[in-house]
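Data first, discussion second: the structure below is written as C-alpha cells.
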Amino acid sequence: MSRSKQLYRLQQLDSTIAHAQVEIKEIMTILGQDEVLQKALLNEAAAKGVLEKKQKSLRKAENDVKDQEAKLKRVKAKLYGGNITNHKELEDLQQKSASLQRYLEVLEMRQLEAMMEVDEAEENHEQTTQALSEIRANREEQHAELLSEKAALETQIRELVENRPGLLTNIPPKDLELYEELRKSRAGIAVATIANKSCTACGTRIPSAIYQIARSPSQIAQCGTCKRILHGG
Ligand SMILES: [Zn+2]
C-alpha cells in the first residue's frame, strides 16, 4: 500500500471517530435541553394559581350569599312574627326586607359568575396538565431513542479506536508526525484527495511534478497551497 493511501485510510478512520464524537455531543445537548418542559411546568403552575384564586373568590361569594340570606331571614321573621304592630315600623321592615332581597339577587349573580369562572379555570388547568403529561411522555420516548443512538456511537468509536493501532504499524513515524501536525492545523483533515488534478480540499491545481510524486507509492506529496498530503488521482 502506498504511503499516502495508508495515511488516507487513517484519515477516514479518524474522521469517522470525530464525526461520531460530534454526534454524541449533539445528543448530550438535546438531552440537556428542557425548555419545552420548563415552559409547560410554568403554564401548569400559572393555571393552578388562577384556579385557586377563582375558587377562593367563589367561596367568598357563597358566604356572602349565605350571610345575606340569614339577614333577610331575620328581617322577615320580625316582619311576619306578629310582634310588631306599629305601621311605620312595619313599613320600614318591609322596605328593609325588599332592599335585602334586591342585594341578595346581586350577590347570587356574583356567585353564579364566580362559579363560571371556576369552571373556566378548571378547564384551562386541565389543558395545561394534559399538555405537561404529553410533553413528559414524548420526552421519555425521545430520550430513550437518543440514549440508544448514543450507545451505538460509543460502540462504534470504541471499535475504531481499537482498530487504529493496526493501521499505524506500517506508517513511517515521520509520515505520522506530518499527518498529526496537519490534522491539528487543518481542521482535522490532513489528507486531501486529488480530483481532476486538483486538491479537493482547497481547489488548487496540482503541477505535474507534484502530481507524479503523489502517484508514487514510496513518496509523499503536499498541496502547494493548503499543504495537505495528497492522495489518489
Ligand atoms: Zn490543497
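Side notes on the structure shown:
- Straight-line cross-link partners of K150 among the lysines, defined as a Cα under 17 Å from its Cα and at least 8 positions apart when in the same chain: K25.
- Which of Q219, T128, Q101, positive extreme of dipole for the chain (C-beta unit charges): Q219
- Around N138: net Lys/Arg minus Asp/Glu count, Cβ-Cβ under 15 Å: -3
- Peptides 133-141, 161-169, 37-45, 188-196 ordered by average Cβ neighbours within 10 Å, highest first: 188-196, 37-45, 133-141, 161-169
- Over 22 Å apart at the Cα level, from the set K184/K227; K5/K184; K56/K78; K71/K96; K66/K96; K73/K96, are K56/K78.
- Accessible surface, the range 13-168, averaged per residue in Å² (probe 1.4 Å): 72
- Over all pairs of different C-alpha atoms in the range 60-127, the reciprocal of the mean inverse distance, the Kirkwood hydrodynamic radius, equals 13.8 Å.
- Working note: Karplus 6.51/-1.76/1.60 with θ = phi - 60° gives the range 57-65 the couplings 4, 5, 4, 5, 4, 5, 5, 4, 5 Hz, where Gly and Pro are set to x.
- Alpha carbon convex hull of the range 123-181, projected area averaged over orientations, nm²: 6.4
- Approximate shape of the range 172-231 as ellipsoid semi-axes (Cα gyration tensor, √5λ), whole Å, largest first: 18, 14, 8
- Using the Cβ-Cβ distance between Q130 and Q33 with R0 set to 22 Å, the FRET efficiency from 1/(1 + (r/R0)^6) comes to roughly 0.50.
- At 1.002 mPa s and 20 °C, Stokes D of the range 75-233 from Kirkwood alpha-carbon radius, µm² per second: 86
- Taking all C-alpha pairs of the range 13-168, those more than 18 Å from each other amount to 75 percent.
- R0 of 35 Å, Cβ-Cβ distance E181-Q142: FRET efficiency to nearest 0.05: 0.30
The values are calculated or read from the model by the stated rules, or taken from the named source; none is laboratory data. Note that the structure is predicted; figures quoted are calculated from it, not measured. Here the Cβ is made from the backbone with ideal geometry for all residues, glycine too, and neighbour counts use every protein chain on show. SASA here: full protein model, heavy atoms, side chains in, ligands and nucleic acids out. Shrake-Rupley method; radii C 1.70, N 1.55, O 1.52, S 1.80 Å.
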